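**Q** Below you'll find the structure I mean.
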Amino acid sequence: MDRQAFYVTTPIYYVNDRPHIGHAYTTILADVLARYHRLLGGPTRFLTGTDEHGQKVQQAATREGLTPKEQADRTVVRFQELWKTLEITNDDFIRTTEPRHTSVVKKILQDLYTRGEIYRADYDGWYCVPCERFFTEKDIEGQSCPDCHRPVERIQEANYFFRMSRHQQWLIQYIQEHPAFIQPEARRNETLGFLRRPLTDLCISRPKRRLNWGIELPFDPDYVCYVWFDALVNYISAVGYLADDAAFARWWPASLQLIGKDILTTHTVYWPTMLHAMGLPLPETVFAHGWWLVGENKMSKTDGNVVNPMEMAERYGVDAFRYFLMAEMVLGQDAGFTEEAFVRRYNTDLANDLGNVLSRVLHLIGASCGGKLPAAGALGPEEIRLRDTTLAAAETMRGAIAGMRLDLGLAAVGGVLREANRYIDGRKPWALAKAGGDMAALGTVLYTAAETLRIVSALLFPVMPGKMAELRAALGMAHIAPDMAGLKEWGRLTPGVTVGAVQALFPRIRSAAAAPELQAKTAPVAAAAPVLKKDATPLPEGVAPIEYADFMKVQLRTARILTAEKVPAADKLLRLTVDIGGATRQIVAGISQHYAPETLIGKTVVVVVNLKPAKIRGLESQGMLLAATSGGTMRIVTVDGDLPPGAVVK
Ligand code: MSP
């Protein structure tokens, strides 16, 4: 690979579910790193995608009454839309069902089989269905999977195996000789620890009678390929392996493969041995980050505490969400997510530290310099201190990116902003601007503060591209591309450029429930709720006030009615199927006396999607429609205008 080039990958995500904060985190991290590398000027490639084969996807499809491909087609959109919303700049998005991928997997399988790296054998042992993994007698705990602790099954069948064991000694030596290969250090030790035990060969087939959703083995049509063997290949099939030699030579080996700590073995044992068997070099670094916990707990669907990145971005803004994730997590360690911590950091770092410097500079240039950036005179000791702190932060950020400590880079930028506020406090530009003040000194202060913001905005640009573009436009820097080379020099801003006004970039949030972006987008009642005082608008009789957080527990979504029919022998009930955005639900609704079934089809309604399912006349109702009644008339709640199913109603 061109040594200047930077090729970064994320894991490819399973299409059995909706994206959560863990998916968003890795992808934002890869995006931030890719953006930094683009600013550094080197060729950069950023790959993400979806893992679409295997049991998890097949099972999800069965649950939804879809084919696995339909399930994948519906779910992949959720990832693609989320990446668009989160301003992700991936250069490619690979789906493992694409022919450009499946054809490469088949070629690799055939080649390894021909060369004896894959062989057929009878297997008799333990299998964990949810994890899709085989275990030896020694691995299992009682009759349970050592990973997920669910019961394992005894399986006897012929299968195909990759001679992973053959590469064990080589891998140990490779890891020892290449300390950068597995990062951070603790994960490297974990893999070396794992390799202390003899490595077994890897079962890379699944008989079709058990699972047929996968890539067929080219040498045996009764089997499909094990999903992990297929999935890992995405990192090379996407850059032209066995298809486009020039592209492959340009990008492989990858510079950085980001993963979560739970998929360490697949990426630091299976993957390198597969590459070695193929005769390919290994990625420079596989970096395993920690997990996002919710407070101190694991995120889980059953506990209902899964953080939805789309909602966070809608509520607080994409840039603030990206910033929080990058600043809060020490790479490699776990981090706890709470909205309180989010709001605290937002208010301190963004609304206060950054917001204050910006508003002071803009306000004074507007009021006292006719909206034009003044020139600086000779720099005094205070200016020199701020300049040096700022240039040093640019250097820290450079090291932080290379050393995977983005949190430290961002902390250094925070230090600059606090220093800048202190500088402004000390130099009192508002006093210099008064009649009889010192306009030359005012120019120096404002120019110095603006120049600080030029560098800060470039350093934060990869993390908050939207807001930093706004900031740079306001400071008349829209035309100056933020490049890292420009961060070593002081004084790049041109005096005399027009400086515009900017709305508060990060308006202060009073409480988690009163997020500004949320208020702007929600209905008046929801927006008013957090600020209602005791003697505020009286409530309708018999209605008790609830906390905003209580309201937020009810998850409302738009849904499209697909079918509607009367429930036999129940004069009030209709059985509806609705699309709630990528999934279908059955809802039994008591609206039969108000609507003829056929008039409902195609309507977009509002559904409570997190109501526990209930049996009504023997039929499961998986949600509830909103409807209003008055004087014996009932009308279902619809949305004003066109919205796709699955849109969040708040
Ligand atoms: N499809 C496999 C990866 C194949 S890569 C060739 C997979 N997919 S996944 O969708 O289940 O998970 C993808 C990533 O999300 C993993 O890196 C996992 O570590 C990460 N996360 C899942 N929950 C997480 C948190 N709570 N926090 C941070 N990341 C976590 O595994």
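All of the numbers you see were taken from the coordinates with simple rules; none came from a lab. Only a predicted model underlies this, so the values are computations on that prediction, with no experimental measurement involved. Reconstructed Cβ throughout: ideal geometry from the backbone, glycine too, with neighbour counts over all protein chains shown.
**Q** Could you work out how far apart the two model spin labels at Thr498 and Phe551 are, taking each label as a point 7 Å from the Cα in the direction of the beta carbon, and quote it in nm?
**A** 4.1 nm
**Q** In the chain, what % of DSSP beta bridges are antiparallel (nearest 5)? Provide the component values of the computation, followed by the final result.
**A** On the way: 53 of 75 bridges.
Just about 70 percent of them are antiparallel.
**Q** Given the options Cys369, Ile118, Val76, identify the residue whose Cα lies farthest towards the positive end of the charge dipole of the chain (+1 on Cβ of Lys, Arg; -1 on Cβ of Asp, Glu).
**A** Cys369
**Q** Follow-up. So if each residue of separation counts as 0.36 nm, and I subtract the Cα-Cα distance between Asp244 and Met439, what length gain in nm does that give?
**A** Residue separation times 0.36 nm, minus the Cα-Cα distance, leaves 64.0 nm.
**Q** Give me the number: length gained by fully extending Gln168 to Cys148, i.e. 0.36 nm times residue separation minus the C-alpha to C-alpha distance, one decimal in nm.
**A** Numbers: separation 20, 0.36 × 20 = 7.20 nm, distance 2.57 nm.
Working it through step by step, the gained length comes to 4.6 nm.
**Q** Give me Arg472, Arg154 ranked fewest to most by other Cβ atoms within 10 Å of their Cβ, as a rough exposure proxy.
**A** Taking fewest neighbouring Cβ atoms as first place, the list is Arg154, Arg472.
**Q** Can you work out the Karplus-derived ³J(HN,Hα) for every residue in segment 570-580? Use 6.51 cos²θ - 1.76 cosθ + 1.60 with θ = phi - 60°, whole Hz, and x for glycine or proline.
**A** These are the phi-based 3J(HN,Hα) values: 9, 6, 9, 9, 10, 9, 10, 10, 10, 9, 9 Hz.
**Q** Amide H of Glu52: which non-local residues (sequence gap of 5 or more, or other chain) have their own amide H closer than 5 Å, using H built in the peptide plane?
**A** The list, which skips near neighbours in sequence, is Thr96, Thr97.
**Q** Could you work out the per residue convex hull volume over the alpha carbons of segment 540-649, in cubic angstrom?
**A** Working: hull volume 14.3 nm³, N = 110.
Measuring per residue, one finds 130 Å³ for the Cα hull of segment 540-649.
**Q** Let me ask something else about it. Based on Cα coordinates alone, diagonalise the gyration tensor for segment 338-488, multiply each eigenvalue by 5, take square roots, and list the semi-axes in whole Å, largest first.
**A** Equivalent ellipsoid semi-axes, largest first: 26, 17, 15 Å.
**Q** Working out 0.36 nm times the residue gap between Lys301 and Lys566, then minus their Cα-Cα distance, what length gain in nm do you get to one decimal?
**A** Gain in length upon complete extension: 92.1 nm.
**Q** At R0 = 60 Å, how high is the FRET efficiency between Lys208 and Ala478 if r is their beta carbon distance? Nearest 0.05 is fine.
**A** Approximately 0.55, to the nearest 0.05.
**Q** Go through segment 285-295 residue by residue and turn each phi into a ³J(HN,Hα) via Karplus (6.51, -1.76, 1.60, θ = phi - 60°); whole Hz please, and just put x for glycine and proline.
**A** 9, 10, 10, 9, 8, x, 9, 7, 9, 9, x
**Q** Rg(Cα) of segment 155-289 divided by 2.2 N^0.38 Å?
**A** Segment 155-289 yields a ratio of 1.10.
**Q** Could you give the nm distance between label points at Ala411 and Leu40, where each point is 7 Å from its Cα heading toward the beta carbon?
**A** Here the modelled spin labels are 2.1 nm apart.
**Q** For Lys434, give me every one of the aspartates and glutamates with a C-alpha distance below 20 angstrom, ignoring sequence neighbours fewer than eight places off in its own chain.
**A** Qualifying aspartates and glutamates at Cα under 20 Å: Asp425.
**Q** Take Arg418, project a point 7 Å from its Cα along the Cβ direction, then tell me which residues of segment 287-324 have their backbone nitrogen under 20 Å from it.
**A** 323-324
**Q** Oh, and also: For Met397, Met299, what's the fewest-to-most ordering of other Cβ within 10 Å of each Cβ?
**A** Going from least to most buried by this count: Met299, Met397.
**Q** List the pair-distance distribution P(r) of the chain, using every Cα-Cα distance, as the percent of pairs falling in each 10 Å bin from 0 up to the bin containing the longest distance, rounded to whole percents.
**A** Bins of 10 Å from zero give 3, 13, 21, 21, 18, 13, 7, 2, 0, 0 percent of pairs.
**Q** In what order do Cys369, Cys131 fall by count of nearby beta-carbon atoms within 10 Å, going from fewest to most?
**A** Arranged by neighbour count, lowest to highest, Cys369, Cys131 become Cys131, Cys369.
**Q** Tell me the mean residue ellipticity at 222 nm calculated for the chain from its helices only (DSSP H runs of n ≥ 4, each -39500 (n - 2.57), averaged over every residue, nearest 500).
**A** So the calculated ellipticity at 222 nm is -11500 deg cm²/dmol.
**Q** Still on this structure: As a quick test, which of the pairs Lys372/Lys467; Lys107/Lys261; Lys572/Lys612; Lys572/Lys603 have an alpha carbon distance above 26 angstrom in this structure?
**A** The answer is Lys107/Lys261.
**Q** Amide H neighbours of Thr338 under 5 Å, at least 5 residues apart or on other chains, H built in the peptide plane: list them.
**A** Gly295
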